[in-house]
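Colleague: One structure coming up, written as structure tokens, with questions to follow.
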There are 2 protein chains.
Amino acid sequence: MKRNKHGCDLKSCFLCQLCSKDWLPALDTHRQSFHVNKGEMLFSEGSEVTGIYFIYKGTFKVHKKWTDDKELIVRLAKDGAILGHRGLGNDIYYPVSATALEPSEVCFIDLGFFQSTLKVNYQFLYELMMFFAGELKESEKRMRNLAHMPVKGRIAQALLSMHAKFGTTADGFIDINLSRQDLASYTGTTYETVFRIMNEMVQEGSLALQGKHICILDTNKLNEHAGE
Amino acid sequence: MKRNKHGCDLKSCFLCQLCSKDWLPALDTHRQSFHVNKGEMLFSEGSEVTGIYFIYKGTFKVHKKWTDDKELIVRLAKDGAILGHRGLGNDIYYPVSATALEPSEVCFIDLGFFQSTLKVNYQFLYELMMFFAGELKESEKRMRNLAHMPVKGRIAQALLSMHAKFGTTADGFIDINLSRQDLASYTGTTYETVFRIMNEMVQEGSLALQGKHICILDTNKLNEHAGE
DNA sequence: CGAGGCCTTGAACAAATTCAACAGAAGTGG
DNA sequence: CCACTTCTGTTGAATTTGTTCAAGGCCTCG
């Protein structure tokens with residue numbers, strides 16, 4: 001496995017892309033690599049913010065607790081993505097948790113050094129600001145959908161966006177390993193409802209299921225529900 | 001009314017606060033002041049982003065359309081707040097609209113100059129990034145609440161946050177002029193439901209109503225519904 | 001191989017929306 | 001200034017959507 005100086009060889013990792021060259025050695029000194037097992041929490045809601053993570057390889061769900069048995073998945077993240085940036089700001093506690101959906105590798109940068117990076121690398125700070133702007137837009141769009149779109153549309157939307165983000169395996173199934181439970185948490189509903197609605201979609205011929213794996217057969221039909 | 005160089009005398013306006021002194025004259029050249037009537041849109045969803053606004057005086061709702069008769073109010077903003085920052089990013093169209101809830105004064109800065117400001121004023125860029133981080137946290141919290149909290153809790157929450165943000169008039173009523181329709185759009189429900197639930201709250205003695213004006217009598221009782 | 005978690009299904013239930021109807025307030029235009 | 005229209009507020013009843021409860025089967029992991 002090829003790695004560059006600071007342990008990350010991914011084009012999509014904007015930390016790599018945007019830091020000035022002369023900063024990389026310092027970055028390399030300060031980063032730490034971690035392995036995270038499936039189901040393991042990288043950080044958890046309410047715990048103190050110690051730094052920022054970048055996903056080297058793997059998939060994570062970022063989720064926010066409601067009651068003991070209810071949560072909302074706020075974001076799904078994969079290779080190259082930043083994690084823990086919600087810890088920035090006045091509050092020193094993470095407002096969300098991050099859990100690995102598969103065995104993953106991450107790179108950790110402590111908060112102090114991350115902030116120094118921001119000070120020195122204007123371009124990085126600018127991109128980070130833009131990234132936040134994008135996330136905010138996305139979040140507010142999902143918020144509106146959660147408020148007004150019926151469950152079927154939200155599930156259609158979720159499937160389409162997962163399809164777009166994670167692509168498909170060779171045999172056409174969406175390349176992510178997400179339980180129905182998680183899909184429910186992602187769409188703000190219950191797993192029973194997810195199950196029922198996905199069955200409907202299979203009846204309609206827009207979806208094919210094989211165990212927990214999902215294959216989108218008819219994008220148009222899903223789009224009808226998802227709107228726009 | 002005292003104004004500083006660029007037409008804004010508010011402590012809470014972080015553009016004023018964070019720009020370097022030598023930048024202010026340039027800022028002054030580029031800003032334009034606008035009056036906005038009650039009910040008038042400052043910018044509307046889908047229209048092209050031309051620049052950034054700061055509220056000099058007044059109140060705005062920032063809202064996102066769903067169908068013709070449904071929307072979600074994403075944010076309420078008052079004196080000193082930034083508006084239109086959701087227009088930053090790759091997309092060149094506003095993802096939301098902003099409508100004045102009362103006669104208001106705003107200050108406009110065209111996008112090109114705003115971006116120059118970001119390049120020159122590191123501190124401002126940093127604060128803007130942090131501001132976005134805060135907004136994102138807030139948004140995701142609201143998203144979770146929308147997904148899992150029953151309507152009564154969401155209304156309680158909304159009232160409490162409006163109380164905190166806008167304060168009260170001399171006679172104790174929340175100092176904002178929001179229709180039930182808008183309150184419904186803010187909490188992601190219908191105006192009939194808002195009405196019924198607020199009646200319940202009056203019965204319980206946690207609220208007093210006088211026309212469209214709302215007075216919180218018992219913060220604790222509301223908090224019971226709002227959780228946390 | 002046992003236990004716990006996840007999937008599957010049906011039926012009862014509840015929360016909130018929709019529909020309908022009217023009263024009052026606020027604005028509009030002659 | 002008054003009639004008219006439109007918007008907001010108020011209320012009850014019907015309806016729908018989605019949740020909750022319950023229970024059995026399956027799969028996986030230790």
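Colleague: Per Stokes-Einstein, at 10 °C and 1.306 mPa s, what whole-number D in µm² s⁻¹ belongs to chain B, with the Kirkwood radius over Cα pairs as the hydrodynamic radius?
Modeller: 84
Colleague: Here is a further query. Return the distance in nm (one decimal) between the two label points of a simple spin-label model at A:Thr193 and A:Met41, each offset 7 Å from Cα along Cα→Cβ.
Modeller: 2.5
Colleague: Shifting gears a bit: Are there any residues in the stretch B:139-171 with a reduction of at least 40 Å² in accessible surface when going from the isolated chain to the assembly of protein chains? Probe 1.4 Å, please list them by number.
Modeller: For the stretch B:139-171, once contacts with the other chains are taken into account, B:Ser139, B:Glu140, B:Met143, B:Arg144, B:Leu146, B:Ala147, B:His148 lose 40 Å² or more.
Colleague: Mind putting together the pair-distance distribution for the stretch A:14-137? All Cα pairs, 5 Å bins, whole percent per bin, short to long.
Modeller: Going out from 0 Å in 5 Å bins, the stretch A:14-137 shows 2, 11, 20, 24, 22, 14, 5, 2, 1, 0 percent.
Colleague: Let me ask something additional. Could you work out how much longer the chain between B:Thr67 and B:Met130 gets when fully extended? Use 0.36 nm per residue separation minus the Cα distance between them, nm to one decimal.
Modeller: Extra length available between B:Thr67 and B:Met130 comes to 19.4 nm.
Colleague: Also, quick follow-up: Would you mind working out the magnitude of the charge dipole of the stretch B:14-137 relative to its Cα centre, with +1 at each Lys and Arg C-beta and -1 at each Asp and Glu C-beta, to the nearest 20 Debye?
Modeller: 280
Colleague: Something else about it: Tell me, what is the FRET efficiency for A:Leu24 and B:Ala170 to the nearest 0.05, using R0 = 60 angstrom and their Cβ-Cβ distance as r?
Modeller: It comes out at approximately 0.50.
Colleague: Other chains' Cβ within 10 Å of B:63-69 residues: what's the mean?
Modeller: The shielding value for this peptide is 3.
Colleague: Between B:Phe132, B:Val36, B:Ile82, whose Cα lies farthest towards the positive end of the dipole of the stretch B:28-135 when Lys and Arg beta carbons carry +1 and Asp and Glu beta carbons carry -1, centred on the Cα centre?
Modeller: B:Phe132
Colleague: Please work out the average accessible area per residue across the stretch B:107-228, using the 1.4 Å probe convention, and give it in Å².
Modeller: Spelled out: the 1.4 Å probe surface of the stretch B:107-228, per residue, equals 42 Å².
Colleague: With a 1.4 Å probe and all protein chains left in place, how much of the accessible area of the stretch A:47-108 comes from carbon and sulfur atoms, in whole percent?
Modeller: 46
Colleague: Straight-line reach from A:Lys152: which aspartates and glutamates have Cα under 20 Å away, leaving out those fewer than 8 places along the same chain?
Modeller: Answer for A:Lys152, where 20 Å is the Cα cut-off: A:Glu71, A:Glu138, A:Glu140, A:Asp182, A:Glu192, A:Glu200, A:Glu204, A:Asp218, A:Glu224, A:Glu228, B:Glu71, listed by chain and number.
Colleague: List the lysines whose alpha-carbon lies under 24 Å from that of B:Lys57, not counting same-chain residues fewer than 8 positions away?
Modeller: B:Lys2, B:Lys5, B:Lys11, B:Lys21, B:Lys38, B:Lys78, B:Lys165, B:Lys212
Colleague: Mind checking the alpha-carbon convex hull of the protein assembly as shown and giving the volume per residue in Å³?
Modeller: In the protein assembly as shown, the Cα hull volume divided by residue count equals 158 Å³.
Colleague: Taking both sides together, what accessible area is buried at the B/A interface, probe 1.4 Å, expressed in Å² and rounded to the nearest 100?
Modeller: Separately minus together, B and A give about 4100 Å² buried.
Colleague: I would also like to ask the following. Which value, in Å to one decimal place, does the Kirkwood hydrodynamic radius take for the stretch B:149-226 when every pair of different Cα atoms is included?
Modeller: 12.2
Colleague: Shifting gears a bit: Given the stretch B:86-172, report the % of alpha carbon pairs whose separation exceeds 17 Å.
Modeller: 70
Colleague: Follow-up question, since we're still on this one. Give the calculated FRET efficiency between A:Ala208 and A:Phe113 to the nearest 0.05, with a Förster radius of 41 Å applied to their Cβ-Cβ distance.
Modeller: Calculated transfer efficiency: 0.30.
Colleague: Using the Cβ atoms and a cut-off under 11 Å, what net charge is assigned to the surroundings of B:Thr187, where Lys and Arg are +1 and Asp and Glu are -1?
Modeller: Here the charged neighbours net out to +3.
Colleague: Ok, one more. Taking the Cα centre of the protein assembly as shown as origin, work out the dipole magnitude from +1 charges on Lys and Arg Cβ and -1 charges on Asp and Glu Cβ, in debye rounded to 20.
Modeller: 440
The values are calculated or read from the model by the stated rules, or taken from the named source; none is laboratory data. Since the model is a prediction, treat every value here as computed from it, not as a measurement. Every residue, glycine among them, receives a Cβ derived from its backbone with ideal geometry; neighbour counts consider all protein chains shown. Calculation scope for accessible area: heavy atoms of the full protein, side chains included, ligands and nucleic acids excluded. Shrake-Rupley method; radii C 1.70, N 1.55, O 1.52, S 1.80 Å.
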